[in-house]
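*Asks:* The structure is given below, and queries will be raised subsequently.
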Amino acid sequence: MIGRASEIGAIASREVKKWYRSPILLFMTTIQPLLWMSLYGKAFNLTGLFRIPEDILKQLPPESTARFAAIANEILSRFFGASDIDFFSYIAVGMMGVILLFTSMSSGMSVAWDRRLGILNKLLVAPISRSSIILGKVISAIIRGVTQSLLVMLIGLALGMRLRVSGPVEFLIAVLSLALLGASLSSLIISVTIRLKSWEHHIAVSNLLNLPLMFTSSALYPVALMPEWLRTIAAINPLTHGIEVLREVLLLGTPFNSQTMLWHLSILIIFTSAATFLGIYLANVALRKM
Amino acid sequence: MNAIEAHGLRKVFGEIVAVDNISFAVEKGEIFGFLGPNGAGKTTTINMLTTLLKPTAGSARVWGYDIVDEPERVREVIGLAPQELTVDDELTGYENMMLHAALYHVPKEEARVRVKEILEFLELERFANKKVESYSGGMKKRLEIGCALIHEPKVLFLDEPTLGLDVQTRAAIWNYIRSLVREKGVTIFMTTHYMDEADNLCNRVAIIDYGRVKAIDTPSRLKSTIGGDLIELEVSEINGLTSEKLRTLPGVIDVVLDGERALVKVVRGEEVLPSVISILIRDGVSVRRVEMKKPSLEEVFLSLTGRKLRDENGAREEIARRSIAIRRARS
Ligand SMILES: Nc1ncnc2c1ncn2[C@@H]1O[C@H](COP(=O)(O)OP(=O)(O)O)[C@@H](O)[C@H]1O
Ligand SMILES: [Mg+2]
C-alpha cells in the first residue's frame, strides 16, 4: 500500500516539478482562460443587456422602470441564478472549471509523449502497478489544475470578479469539485488516448475534444439558455456539473446543504468514479498488450 | 542456473518477422552482446526479455523467472538502459535517480546513499544538481545507466549503450561497464552494431541478422573461424624452395607470392610470425616491411551473412534516428 502510494507520488511529482519549473507553460495555460474571461466576460456583457441605461431611466416614469426592473431581474435569476450577477464573474467561474479541462488534456498528452520518448517503457519495466502510471498522471492533473484555477480566481478578483461564499466549508466544496473535475476529465482523456501511438493523433483528438467539451458545458452561457438538444449534451458533460457546483458555492453563496448544489456534486462524484475506473481498466489492458 | 535462457524466441509484427526463433543462454557475471545491423531485431529481443513485449512464440527465463508467466519477478531483478535517452531533461541528475529509486521502492534514506555512490562511480557527482538538459550525450547515457542500477539489478540490459557517441566517450563507457561487472557482479546483456564494441567489451557475442542468430561464441573464437591472421611481407625475391618451407611451417594455412609481396595466412599470427621471419632471413631473403592483419568481427559478419555490418541502409537509419534525438534535445 505504501509502495503503491510512493510509486504514484513519484510519477505525479515528476509532472508537477516539470510544470512549476516551466514559467512559460504556466503563463500560457493561465493566459488562455484569462483571455476568454476578459474578452467574453467583459465584451459580451449578457447580463448587462437587462440593465436600463441611465438616460432612458430618467425619461421613464418610475412605476414602469420598476416593472421593467422586476421582469429583468426575474429573467436574470432564471438564467443566471441571481439578479445581481455580473457576466464577468459568471464567465470567470466557468473558466476556473475550464482550466481543469486544459490541464487534464495536457496530462493525457503526456502519456503520448512518454510513449514517444521511450519513458513509458522505463515505467513499464519497473516493478510497479500499471494503474499507478495512470493514477500518477491523474493526480498531477489535479494538482496542476486546481492550483492554476485558484490562481486565475485571484487574478479574476483583481480584475473585478465578485464572489459570494457562505463559509470555509463551501469554499472547500469548490476546491473539491475542481479536483473531481481534474480526476474525471484526465481519466476520460487518458481512456480515449491511451491506445493512440502517434503524437499527431493525440493532437487531433485533443483538438476534437477541447472546444466541444467547453462549448457543450455551461462554462460560457447558462444551460437554461441552451436549445433542448444541447441541454441534453450539457447534462452528460462533467464540466457542466463541476461548474454548476462552483457557481453555487462561489457566486450565489449557496450553503453546503443546498439540494441543487448537492445534486450536481453527486453526479460529478459518480462520473469521476466511473471515469477513473474506466481509465485504469483501459490502461491496464492497453499497457499489457504492448 | 543461467542468468538468461531463451528458447525459440520469436516476434512477428504483422508481416515483419522481427525476431525469428532465437535461442541462447547468458551465464552469470558475463557480458553478452548481440551484434547486428539496424533492424536485425536486437531491440525487439531486449523488449521481450524485459517484459515490454510478449513473444509470438518461444519462451525465456531471466534469473530463473519466466518472462511471460512471472513478469513482476523479472522486473524486480533487471535494469534497462534503453536505446533512446529517457532521462528527463527538465529534472536534475539527482532527481532522475531519485525518481527511479521510488519506482523501484528503494527507501528514501537508502536511495540517497546509493544515488551518491552511483553518481560518484559514474563521475557525475559534480553535475548531480544540474538539469539534465545541460549534460553532454555521454553524460546523459551514463546517467541512464546509473538510473538502471539504483535497485542493484542482477541483470542489466543495455541497448546500444554508445550509440552516436564519440570515440573517447565510448571507451569511457566501456570502462564503466567493465567495472560494473567486476565490482558489482552484474550480468550484462547488451546490443550493439559497432563491431569494435562487441570485440572489446563482450565475453561472448551472438551475431544476429534479420532476426536470426548466425553464430554465438567468444570474439576471438568467432574471428578464428575466418581462418586466421594474415601476414603481409614486403621482401626481395622469394624462390619456390623458401615458399615451400613456409608452407610446411606448423600454423601456416596458405602462402601467396605476388612479386615482392608475400601473403602468409596463418592460424595464430603472434606465434607463427617469428618463425616466418627467421626462415626468410636464413634463406637470405631481405624483409623490408611486415604487417600482420587480424580478422575483425566485420569479416566474420561478412562471411556469415554475405553483407557488410554497416551498409548504406543502416547508416541512413542511424542518421534519421540521430536527427530525432537532436530534435528532441531542442524541444
Ligand atoms: N512495434 C513495431 N511494429 C512493427 N515493426 C516493428 C516494431 N518494432 C520493430 N519493428 C521492426 O522489427 C525489425 C527489428 O527491429 P529492432 O528490433 O528495432 O531492430 P534493431 O534494434 O536490431 O535495430 C525492424 O524491421 C523493425 O522495423
Ligand atoms: Mg535497436
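*Asks:* Would you list, by chain and number, the aspartates and glutamates whose Cα falls below 17 Å from the Cα of residue A:17, excluding same-chain residues fewer than 8 positions away?
*Replies:* Result set, ordered by chain and number: A:7, A:114, B:88, B:89, B:90, B:95, B:133.
*Asks:* Just from its helices, what would the mean residue ellipticity at 222 nm be for the protein assembly as shown, if runs of 4 or more DSSP H residues each count -39500 (n - 2.57) and the sum is divided by every residue, rounded to the nearest 500 deg cm²/dmol?
*Replies:* Estimated from H runs of four or more residues: -18000 deg cm²/dmol.
*Asks:* Taking the Cβ of residue B:215 as the centre, find all other residues whose Cβ is under 12 Å away and add up their charges (Lys, Arg: +1; Asp, Glu: -1). Show your work: numbers first, answer last.
*Replies:* Details: positive: B:204, B:212, B:214, B:221, B:223; negative: B:209, B:217.
Local charge sum for residue B:215: +3.
*Asks:* Taking a ≥ b ≥ c as the square roots of the Cα gyration tensor eigenvalues, with a/c under 1.5 meaning rounded and otherwise prolate when a/b beats b/c, else oblate, which class fits segment A:163-233?
*Replies:* Details: a/c = 3.18, a/b = 1.46, b/c = 2.18.
Oblate is the answer for segment A:163-233, as a/c is 1.5 or above yet b/c matches or exceeds a/b.
*Asks:* For residue B:131 and residue B:253, FRET efficiency with R0 = 41 Å and r from the beta-carbon atoms, rounded to 0.05?
*Replies:* Working: r = 58 Å, r/R0 = 1.41.
The value I calculate is 0.10.
*Asks:* Here's a follow-up. For chain A, what class follows from the C-alpha gyration tensor (a ≥ b ≥ c being the square roots of its eigenvalues): rounded when a/c is under 1.5, otherwise prolate if a/b is larger than b/c, else oblate?
*Replies:* Working: a/c = 2.36, a/b = 2.26, b/c = 1.04.
Here chain A falls in the prolate category.
*Asks:* Leaving out ligands and nucleic acids, note down the accessible area per residue over the protein assembly as shown with a 1.4 angstrom probe, in whole Å². Numbers along the way, then the final one.
*Replies:* Values: 28310 Å² over 621 residues.
Per residue, the protein assembly as shown has 46 Å² of solvent-accessible surface.
*Asks:* Residue B:290 versus residue B:123, label points 7 Å from Cα toward the beta carbon: distance in nm?
*Replies:* Taking the two extended label points, one gets 3.7 nm.
*Asks:* Leaving out same-chain residues fewer than 8 places away, which aspartates and glutamates sit with a Cα under 15 Å from that of residue B:223?
*Replies:* Counting by Cα, and skipping residues close in sequence, residue B:223 has these aspartates and glutamates nearby: B:196, B:197, B:199, B:270, B:298, B:299.
*Asks:* How far is helix B:312-330 tilted, in degrees, relative to the longest principal axis of the Cα atoms in chain B, given as a value from 0 to 90 rounded to the nearest 10?
*Replies:* Rounded to the nearest ten degrees, it is 30.
*Asks:* Once the Cα atoms of helix B:167-184 and of chain B are each reduced to a long axis, what angle between those two axes, in degrees from 0 to 90 to the nearest 10, is obtained?
*Replies:* 70
*Asks:* Quickly work out the residue A:228-to-residue A:158 label distance, labels modelled 7 Å from Cα along the C-beta direction, and quote it in nm with one decimal.
*Replies:* 4.7
*Asks:* A further question on this structure: How far, in degrees from 0 to 90, does helix B:108-121 lean away from the longest principal axis of the Cα atoms of chain B, to the nearest 10?
*Replies:* 20
*Asks:* Based on Cβ point charges of +1 for Lys and Arg and -1 for Asp and Glu, what charge dipole magnitude is obtained for chain B about its Cα centre, in debye rounded to the nearest 20?
*Replies:* Numbers: 47 positive and 51 negative charges, 44 e Å.
About 220 debye.
*Asks:* First measure r as the distance between the Cβ atoms of residue A:116 and residue A:259, then evaluate 1/(1 + (r/R0)^6) with R0 = 60 Å and state the FRET efficiency to the nearest 0.05.
*Replies:* On the way: r = 47 Å, r/R0 = 0.79.
For residue A:116 and residue A:259, the calculated efficiency is 0.80.
*Asks:* In segment B:99-127, which residues become less accessible by 20 Å² or more once every protein chain is in place, relative to the chain on its own, using a 1.4 Å probe?
*Replies:* B:99, B:100, B:102, B:103, B:104, B:105
*Asks:* Within the protein assembly as shown, what whole-number % of the accessible surface is contributed by carbon and sulfur, with the 1.4 Å probe and all protein chains included in the calculation?
*Replies:* Roughly 60 percent, rounded to a whole number.
*Asks:* Is any helix in chain A, taking whole DSSP H runs, at least 15 angstrom long along its axis by alpha carbon and on average at least 0.5 on the Kyte-Doolittle scale, and which ones? Let's see the in-between values first.
*Replies:* Working: long enough: A:2-20 (26 Å, -0.28); A:23-36 (20 Å, 1.42); A:62-80 (26 Å, 0.26); A:87-116 (43 Å, 0.94); A:130-158 (43 Å, 1.47); A:168-193 (37 Å, 1.95); A:199-215 (25 Å, 0.60); A:259-288 (43 Å, 1.29).
Length and hydropathy pass: A:23-36, A:87-116, A:130-158, A:168-193, A:199-215, A:259-288.
*Asks:* At 7 Å along Cα-to-Cβ for each site, give me the label-to-label distance between residue B:112 and residue A:42 in nm.
*Replies:* 5.0
*Asks:* Still on this structure: Under 28 Å from the Cα of residue B:54, which lysines turn up, not counting those fewer than eight places away in the same chain?
*Replies:* Cross-link targets: A:122, A:137, A:197, A:289, B:11, B:28, B:42, B:141, B:154, B:214.
*Asks:* Another question about this same structure. As an exercise, use a Förster radius of 51 Å and the Cβ-Cβ distance of residue B:183 and residue B:68 to find the FRET efficiency, rounded to the nearest 0.05. Mind showing how you got there, number by number?
*Replies:* Details: r = 33 Å, r/R0 = 0.64.
Using R0 = 51 Å, I get an efficiency of 0.95.
*Asks:* Sticking with this one: Using the reciprocal of the averaged 1/r over all distinct C-alpha pairs, how large is the Kirkwood radius of segment A:170-290 in Å? Spell out each step's value before the answer.
*Replies:* Numbers: mean 1/r = 0.0649 Å⁻¹.
With all distinct Cα pairs of segment A:170-290 included, I get 15.4 Å.
*Asks:* Indicate the residues belonging to segment A:94-127 that lose 40 Å² or more of solvent-accessible heavy-atom surface (probe 1.4 Å) upon moving from the chain alone to the assembly of all protein chains, ignoring ligands and nucleic acids.
*Replies:* Going by heavy-atom accessible area, the residues of segment A:94-127 that drop by at least 40 Å² are A:117, A:121, A:122, A:125, A:127.
*Asks:* Nearest 100 Å², what total accessible surface is buried between chain B and chain A (probe 1.4 Å)?
*Replies:* Result for this pair: about 2400 Å² buried.
The values are calculated or read from the model by the stated rules, or taken from the named source; none is laboratory data. No experiment lies behind these values; they were computed from the predicted model shown. Cβ coordinates were reconstructed from backbone atoms using ideal geometry, including for glycine residues, and neighbour counts include every protein chain displayed. Protein only, heavy atoms only, side chains kept; ligands, DNA and RNA dropped before computing areas. Shrake-Rupley method; radii C 1.70, N 1.55, O 1.52, S 1.80 Å.
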